[in-house]
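This report refers to the structure that appears directly beneath it.
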Amino acid sequence: MDARQLEYFLAIVEHGGFNKAAAALHVAQPSLSQAMANLEADLGVALFHRVGRGVVLSEAGQELLEPSRRVLRDLAAVRDTAAALAGLHGGTVEVATMPSPGIEPLTTLVHRFTELHPSVTVSTQAAFTPDEVLSLVRSGACELGLLGSATPVQPAGLDVLHVEDQPFVVVAAPGGAIEDDVMIRPGDLAGQKLIASRTGSLMRSIVDDVTAGGTGTEIVTVVDHRTSILPLVLTGVGVAVLPSSWTRLARRCGAVVAPIEPTAQLHVAMVSLPAHLTPAARAFLALTESLARRRAAAGTDGRHATPDA
């Protein structure tokens, strides 16, 4: 077994078949097939089941996924360590992130990290629930995971860094009944049309509590992609309840943002495996720890705090 075989194996999984993997790797398809045949012979198990012209992972293939990713990442870490002796001069840090933490604190973190380490690439992968983030980190698909949850997470086998708690706010188009930075209560949303996410999120539970009050407030639009919410608000479709991470972007786009009380808070945390972090990932995690400390010192919101070097 060698690293090249593991690289080929992961490429087949990630690209969904031999032909696409061969094209992505710039190798001949027969060479890729032979490398996999040799790997399966060495291991004594089939890694793929051939189904028509495609392939699906066997049970043995599923078990090989995480170790393969770790081996290749560890090899990359060996190469990066030499460069790290004089500072980070390359590499990639992979972060799984949910939509709202992906606005903030991720924006601040990436901005500062790329200032400190301009030759390191930050690669993000979308996840829509805390469980998806945890799965991506546990599987080795991403080294770090940034998530927001209704209650603090305590996943087995992962390190958890609490970053901040984000209160919820109401975002609305200008010129309406909602004034910027003026505290409102759920009853003040009487008669408003609401833009909501699908059932199951903390954002949706807050909206459901508002509509259950019998004040004539109704949900007019349900969206899967959070990136659709702000454009819908600005065109006057309705108002939205969002984590405060959206505040800066919403105001820059011309929307008004009002704190809502009482409200739940989104608990934002960074998760990682206790080991197997590359130098780039360790540097990103250290920067996150710095940001968490500064925002804690600045207060509950700490929106303008930035991380140290």
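Residues that are among the small types (Gly, Ala, Ser) and outside any strand (DSSP E or B) were ranked within the stretch 139-160; the one that is surrounded by the most Cβ atoms within 10 Å (Cβ to Cβ) is Gly140.
Among the conditions (1) over 17 Å from the mean Cα position of the chain (by Cα); (2) over 28 Å from Gly187 (Cβ atoms), the only one that Ala264 does not satisfy is (2).
Per this entry, Val182 is not counted among residues that are open to solvent by 30 Å² or more (accessible area, probe 1.4 Å) and in contact with a Lys or Arg (Cβ under 8 Å, 6 or more places away or on another chain).
Considering only the stretch 185-198, state which residues are in a loop (DSSP other than H, G, I, E, B) and open to solvent by 50 Å² or more (accessible area, probe 1.4 Å). Passing the criteria: Arg185, Ala190, Gly191, Arg198. Restricting attention to the stretch 14-61, the residues being closer than 19 Å to Gly140 by Cβ and charged (D, E, K, R) number 2.
Take the residues in the stretch 276-291 that are more than 12 Å from Leu106 (Cα to Cα) and assigned to a helix (DSSP H, G or I), then tell me which one is modelled with the lowest pLDDT.
Pro279
Please verify whether the stretch 199-222 includes one or more residues that are among the hydroxyl-bearing types (Ser, Thr, Tyr), under 29 Å from the mean Cα position of the chain (by Cα), exposed (fewer than 12 other Cβ atoms within 10 Å of the Cβ) and not in a helix (DSSP H, G or I). Yes.
Taking the listed residues Val163, Val171, the one that is open to solvent by less than 20 Å² (accessible area, probe 1.4 Å), in contact with a helix residue (DSSP H, G or I) (Cβ under 9 Å, 6 or more places away or on another chain) and closer than 18 Å to Ser197 by Cβ is Val171, with no other qualifying.
So in the stretch 229-248, with the set limited to residues that are assigned to a helix (DSSP H, G or I) and closer than 16 Å to His267 by Cα, which one is farthest from the chain's Cα centre (by Cα)? Checking each candidate, the answer is Ser244.
Would you pick out the residues in the stretch 111-138 that are open to solvent by 30 Å² or more (accessible area, probe 1.4 Å), in contact (Cβ under 8 Å) with a residue 24 or more places away in the chain and not in a helix (DSSP H, G or I)? Scanning the stretch 111-138 gives His117, Ser119, Thr121, Val122, Ser123, Thr124, Gln125, Ala126, Phe128, Thr129. Restricting to the stretch 1-51, what's the tally of residues that are open to solvent by 70 Å² or more (accessible area, probe 1.4 Å), touching a residue at least 12 places away in the same chain (Cβ under 8 Å) and outside any helix (DSSP H, G or I)? Selection size over the stretch 1-51: 1.
Only one of the numbered conditions (1) out of contact with any strand residue (DSSP E or B) (no Cβ under 6 Å at 6 or more places or on another chain); (2) open to solvent by 50 Å² or more (accessible area, probe 1.4 Å) is not met by Leu230, and that is (2).
The values are calculated or read from the model by the stated rules, or taken from the named source; none is laboratory data. Bear in mind the structure is a predicted one, so any value in this text is a computation, not a measurement. When we count neighbours, we look across all protein chains shown, and the Cβ atoms used for this are built from the backbone with ideal geometry, even at glycine. The protein model used for the area step is the full one, side chains on, heavy atoms only, and it has no ligands, DNA or RNA in it. Shrake-Rupley method; radii C 1.70, N 1.55, O 1.52, S 1.80 Å.
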